[in-house]
Amino acid sequence: MAKQTVQAVKNEIQELATGNYKSYSEQYESTAPDTLISVQELAKGYWDCRDNKEVVRDEKLGISLDDYQLWTKEAHSSFLKAHGHSLN
């Protein structure tokens with residue numbers, strides 16, 4: 001098994017989030033407050049659905065819900081930029 005790092009977990013979460021944004025692009029192609037709340041709820045969903053191995057991994061690496069929320073937000077910003085949306 002590959003050694004887990006914070007960067008590897010970040011990449012996994014961002015790939016999941018980006019896939020979600022692409023699958024439901026009409027729901028995520030905005031920086032409106034409701035969209036940003038959905039991005040945060042997506043992170044919370046990932047956090048709440050972790051299996052025991054993932055919980056142990058995150059505890060060992062010092063990863064928190066705040067990290068998941070930051071990473072999904074970063075992925076959302078990248079998604080918007082890739083689809084020609086302004087972040088202003």
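Structural remarks
- Within segment 42-53, the set of residues being in a helix (DSSP H, G or I) and either of a type in the set (Ser, Thr, Tyr) or more than 17 Å from Lys22 (Cα to Cα) (or both) comprises Lys44, Gly45, Tyr46, Trp47, Asp48, Asn52, Lys53.
- Selected residue [aliphatic (A, V, I, L, M) and either outside any helix (DSSP H, G or I) or surrounded by fewer than 16 Cβ atoms within 10 Å (Cβ to Cβ) (or both)] from Val39, Val56: Val56
- Scope segment 6-36; condition surrounded by 11 or more Cβ atoms within 10 Å (Cβ to Cβ) and polar (S, T, N, Q); matching residues: Asn11, Gln14, Thr18, Asn20, Ser25, Gln27, Ser30, Thr31, Thr35
- Restricting attention to segment 61-76, the residues being part of a helix (DSSP H, G or I) and without any contact (Cβ under 8 Å) to a residue 40 or more places away in the chain number 5.
- When segment 15-35 is filtered for residues that are farther than 16 Å from Lys73 by Cβ and polar (S, T, N, Q), the ones remaining, listed by number, are Ser23, Ser25.
- Residues in segment 55-82 that are closer than 16 Å to Glu15 by Cα and of a type outside the set (Lys, Arg): 14 in all.
- Qualifying positions in segment 62-79 - over 8 Å from the mean Cα position of the chain (by Cα) and either surrounded by fewer than 15 Cβ atoms within 10 Å (Cβ to Cβ) or of a type in the set (D, E, K, R) (or both): Gly62, Ser64, Leu65, Asp66, Asp67, Ser77, Ser78
- Qualifying residue in segment 23-35 (condition: of a type in the set (A, V, I, L, M) and in a helix (DSSP H, G or I)): no
- Contact map, segment 41-53: residues that are aromatic (Phe, Trp, Tyr) paired with residues that are surrounded by 12 or more Cβ atoms within 10 Å (Cβ to Cβ), Cβ distance under 7 Å, separation 6+ or inter-chain. Pairs shown: Tyr46/Ile13; Tyr46/Leu16; Tyr46/Tyr68; Trp47/Leu65; Trp47/Tyr68.
Here, each number is a calculation from the coordinates, and none is a lab measurement. Quick caveat: nothing in here was measured; it's all calculated off a predicted structure. FYI the Cβ positions are ideal-geometry reconstructions off the backbone, even for glycines, and counts take in every protein chain you see.
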